[in-house]
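None of the figures in this text is laboratory data; all of them are computed from the coordinates on show. It should be emphasised that the depicted structure is a prediction, and the values quoted were computed from it without experimental measurement. Heads up, the Cβs are rebuilt from the backbone with ideal geometry, glycines too, and the neighbour counts pull from every protein chain shown.
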Amino acid sequence: MLTTKRHEIILALLKKRKTASIHELSEHTGASISTIRRDLEKLEQEEKLKRVHGGASQITNNRYEPELEEKQGLNEPAKAEIGKAAAELIEEGDCLFIDAGTTTQQILPHLEDKNVVVVTNAYHFVTTLLGLGVEVYLTGGRAKAKTGALIGVQAEETLQSFRFDKSFIGMNGIHAKHGYTTPDPEEARVKRLAMDLSKRAFVLMDDSKFQQVSFSKVGDIRDAEIITNREEDSILSEIQKTTRVKVVKI
C-alpha cells in the first residue's frame, strides 16, 4: 500500500474514533508496527495528529477543554510517575506553588510530613494537603468547576504576595513553535504569574499534550523545565534545545 493511502486511512480512522492504538492501525492498513510508528511520527510532524502512549489521537480544536472527571482516568500510570519525579525535586523548607490539574495532583501523596509550604489555586487539593500535615495557602478567585481551579483577578492578586522556590504547572498543550498553551485566558494568566514568581518553574505533562495548541499562550518553551513521559523523538529533541526535559519511564 502506498504511504499516502496509509496516511489517509489512519486520519480517517482517527476522525471517526478520536483515538486508535498502533495495533489497530496496523490491522486497518495491513502495515507492520514499525511502519505505523514511522507514519505516526511523520503525521505528527505535519500536525495532522498527536501521538500518545501506544497509539495516536485526533488533534482537538484550540478552545476544547475536557471536564475534570474526564481527565481523572486518562494516562494514570504516566501521570503518577511524572508526579513522583516532580516530588523528588522538592527540598526541605521549599515554598511551592502547585497548580490545579490531574498530573500536578499526583505530587500530593509524596508530600506527607514534609517541611514545605504549598500555595495552590486548586480548591480540591486543600483537604488532602491538610490531611498530609502540609502547611497550605489557597488563592482567592473565581471557582472554575471544569478544572477545579481558582482564577481571575483575585487569584492573581493573592499570588503577587508570594515568592516560590519551585512551581509545578499543568498545561493543555506544548509546541516547539507556539510554546505552552491552555484554553482559558484567565487560567493562562494565573499559570504565567506563578511561573514568573518562581526560582524554578516546571511544567508537568504526559505525552498526549505534545503538538497540542490551545487558545491562550502561557509562555515560551524556555520559560519552564519539563517533566514528561514522552519518548525520545525529533519533536522532543527540538524542545530539548531550548529547555531541560526530564523523561520518566512507564
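Under the combined filter of DSSP loop state and at most 16 neighbouring Cβ atoms within 10 Å, segment 144-250 retains these trypsin sites (Lys or Arg not before Pro): Lys146, Arg163, Lys177, Lys241, Arg244, Lys249. With a threshold of 32 Å on the Cα-Cα distance, the over-threshold entries among Lys15/Lys166; Lys166/Lys241; Lys42/Lys166; Lys114/Lys146 are Lys15/Lys166; Lys42/Lys166.
Placing unit charges on the Cβ atoms only, positive for Lys and Arg and negative for Asp and Glu, gives segment 68-247 a dipole magnitude near 460 debye about its Cα centre. Here Lys5 and Glu76 are evaluated by their C-beta separation; at R0 = 35 Å the FRET efficiency comes out at 0.45.
For the chain, a Gaussian network of Cα nodes joined below 10 Å ranks Gly54, Gly83, Gly173 by mean-square fluctuation, and the top entry is Gly54. For segment 21-52, trypsin sites (Lys or Arg not before Pro) are listed when DSSP marks them as loop and at most 14 other Cβ atoms sit within 10 Å of their Cβ; the list is empty.
For segment 3-57, the gyration tensor built on C-alpha atoms gives a rounded shape. Its axis ratio a/c (a ≥ b ≥ c) stays under 1.5.
Dividing the summed -39500 (n - 2.57) terms of all DSSP H runs of n ≥ 4 by the residue count of the chain sets its mean residue ellipticity at 222 nm at -10000 deg cm²/dmol. Largest mean-square fluctuation among Asn121, Asn75, Asn229, in a Gaussian network model of the chain whose springs join Cα atoms under 10 Å apart, belongs to Asn75.
Quick one: dipole size for segment 3-57, taken about the Cα centre, charges +1 on Lys/Arg Cβ and -1 on Asp/Glu Cβ, in debye to the nearest 20. Present the calculation step by step, with values, prior to reporting the outcome.
Details: 12 positive and 8 negative charges, 28 e Å.
The calculated dipole for segment 3-57 is roughly 140 debye.
Tell me the net charge near Gly179. Cut-off is 11 Å between Cβ atoms, Gly179 excluded, with +1 for each Lys or Arg and -1 for each Asp or Glu.
Numbers: positive: Lys177, Arg192, Lys217, Arg222; negative: Asp220, Asp223.
Around Gly179, the surrounding residues sum to +2.
Label-to-label distance, Val247 versus Ala87, with points set 7 angstrom from Cα along the beta-carbon direction: 2.5 nm. Taking every DSSP bridge with both residues inside the chain, close to 40 percent are antiparallel. Extension gain for the segment Asn115 to Arg163, taken as residue separation times 0.36 nm less the Cα-Cα distance, is 15.6 nm to one decimal.
So what's the net charge close to Thr3: Lys and Arg +1, Asp and Glu -1, counting the other residues with Cβ under 14 Å from its Cβ?
Working: positive: Lys5, Arg6, Arg37, Arg38, Lys42, Lys48; negative: Glu8, Asp39, Glu41, Glu46.
For residues surrounding Thr3, the net value is +2.
Quick one: longest stretch of the chain between exposed loop GluC sites (Glu not before Pro), exposed meaning at most 14 other C-beta atoms within 10 Å and loop per DSSP? Please report the intermediate quantities before stating the final value.
Working: sites that count: Glu46, Glu47, Glu67, Glu88, Glu91, Glu92, Glu112, Glu231, Glu232.
The answer is 113-230.
In the list (i) 123; (ii) 111; (iii) 156, the label attached to volume of the Cα convex hull per residue in Å³ as derived from the coordinates here is (ii).
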